[in-house]
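Peer 1: Quick one: structure below, then a few questions.
The values are calculated or read from the model by the stated rules, or taken from the named source; none is laboratory data. On a predicted model such as this, the values are computed, not experimentally measured, just so you know. Cβ: placed from backbone, ideal geometry, glycine included. Neighbour counts: every protein chain shown.
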Amino acid sequence: MKNILEAPFIKEMQSACSNMYRLGWDERNGGNISYLIPEEDVAEYLDTGKVIREIPISFYAPELIGKYFLVTGTGKYFKNVEGDPETNLGLIRIASDGRTAQLLWGYRDGGKFTSELPAHLMSHIARLSVDPNNRVIMHTHPTNTLAMTHIHSLEEKAFSRTLWGTCTECIIVFPEGVGVLPWMICGNNEIGVATAEKMKEYRIVLWAIHGIYGAGKDMDEAFGLIETVEKGADLYLRYAHFPIVNRISDKQLDELATAFGINYRKEFLDL
Ligand code: 13P
Ligand code: ZN
């Protein structure tokens, strides 16, 4: 059996958490990540028959029975994942009842998975239904994106169009736009259901005055989506209070998308 601390999936999680912490997105225990790991990868490092303990997941996820996820712990700080992955992360498998997580590694101090597990697992189900290669759901509190949700209309067309207009790469990176939820209580099944509903159409879902969810086939895709939204929001906050002299028109955005062969959400532009 190989040493799990050397596993690429642990190392990817460590560097994602450190990068996000250093970007200032994950204060204290802010943010959480779940990473779907194929059974054959897990089996290289762990005896999959050895369950440390079982933890109820508070909802029914029959679609995920037998699937393995590496998940950040609740109350754990992203800045500490690098130095002590075994305390701050856990590797779980969804049991055959669809309602229980079997802990195979991690949460060494008796801890458990993030309080946002419903939003994560429900989002995995939603993304897998439209993209079988999706493996990562990432939640974080990027400063500028969060600030923008205080001052901008939360209407999805308006929010997406503003972000697309902030710099050339936005419509190329997230041509489907961004899904937006109003402010809601977090950490429960209700926000999980609402997030997952948006995830059927978007890889990015904003939680107003809280944070963002990104989805992707790997860490880079999920991280890159969030990073690009955050760059757009940063730019917006720098110029929104000035008279706007130059902007990318709807026609130019359409030409840009055509030039890059991008199939964007047409109803978000007025052509
Ligand atoms: P957890 O510590 O439970 O992961 O919660 C952090 C967070 O960002 C809640 O939305
Ligand atoms: Zn949060």
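Peer 1: Which residues, taken from the stretch 102-148, are closer than 17 Å to Phe9 by Cβ and away from ligand 1 (no atom under 13 Å from the Cβ)?
Peer 2: Leu103, Leu104, Trp105, Gly106, His124, Asn133, Asn134, Arg135, Val136
Peer 1: Now for a separate question. Quick check: is even one residue across the stretch 63-74 closer than 22 Å to Glu6 by Cα, modelled with pLDDT of 95 or more, away from ligand 2 (no atom under 16 Å from the Cβ) and surrounded by fewer than 19 Cβ atoms within 10 Å (Cβ to Cβ)? If you could, list the steps in order and put the result at the bottom.
Peer 2: Here is the first cut: in the stretch 63-74, the ones closer than 22 Å to Glu6 by Cα are 67-73.
Still in the running and modelled with pLDDT of 95 or more: 67-73.
Narrowing the set further to residues that are away from ligand 2 (no atom under 16 Å from the Cβ) leaves 67-70.
Then keep just the ones that are surrounded by fewer than 19 Cβ atoms within 10 Å (Cβ to Cβ); that gives 67.
Looking for residues that are closer than 22 Å to Glu6 by Cα, modelled with pLDDT of 95 or more, away from ligand 2 (no atom under 16 Å from the Cβ) and surrounded by fewer than 19 Cβ atoms within 10 Å (Cβ to Cβ), one finds at least one in the stretch 63-74, hence yes.
Peer 1: I need the full set of residues from the stretch 26-59 which are within 23 Å of Gly216 (Cα to Cα), away from ligand 1 (no atom under 16 Å from the Cβ) and of a type in the set (Val, Ile, Thr), in order please.
Peer 2: Those that are within 23 Å of Gly216 (Cα to Cα), away from ligand 1 (no atom under 16 Å from the Cβ) and of a type in the set (Val, Ile, Thr): Ile37, Val42.
Peer 1: What number goes with the only condition from (1) on the phi > 0 side of the Ramachandran plot; (2) without any contact (Cβ under 8 Å) to a residue 60 or more places away in the chain that Gly177 does not pass?
Peer 2: Among (1) on the phi > 0 side of the Ramachandran plot; (2) without any contact (Cβ under 8 Å) to a residue 60 or more places away in the chain, Gly177 violates only (2).
Peer 1: Please specify each residue of the stretch 251-271 satisfying the condition of being touching a residue at least 60 places away in the same chain (Cβ under 8 Å) and not hydrophobic (A, V, I, L, M, F, W, C). Full working, then the answer.
Peer 2: Step one: of the stretch 251-271, the residues touching a residue at least 60 places away in the same chain (Cβ under 8 Å) are 253, 256-257, 260, 262-265, 267-269.
Asn263, Tyr264, Arg265, Glu267 - these are the residues of the stretch 251-271 that are touching a residue at least 60 places away in the same chain (Cβ under 8 Å) and not hydrophobic (A, V, I, L, M, F, W, C).
Yes or no, residue by residue, for (1) surrounded by 15 or more Cβ atoms within 10 Å (Cβ to Cβ); (2) within 19 Å of Ser123 (Cβ to Cβ); (3) within 16 Å of ligand 2 (Cβ to nearest atom):
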position	(1), (2), (3)
Glu12	yes, yes, no
Ala16	yes, yes, yes
Glu27	no, no, yes
Leu36	yes, yes, no
Pro56	no, no, no
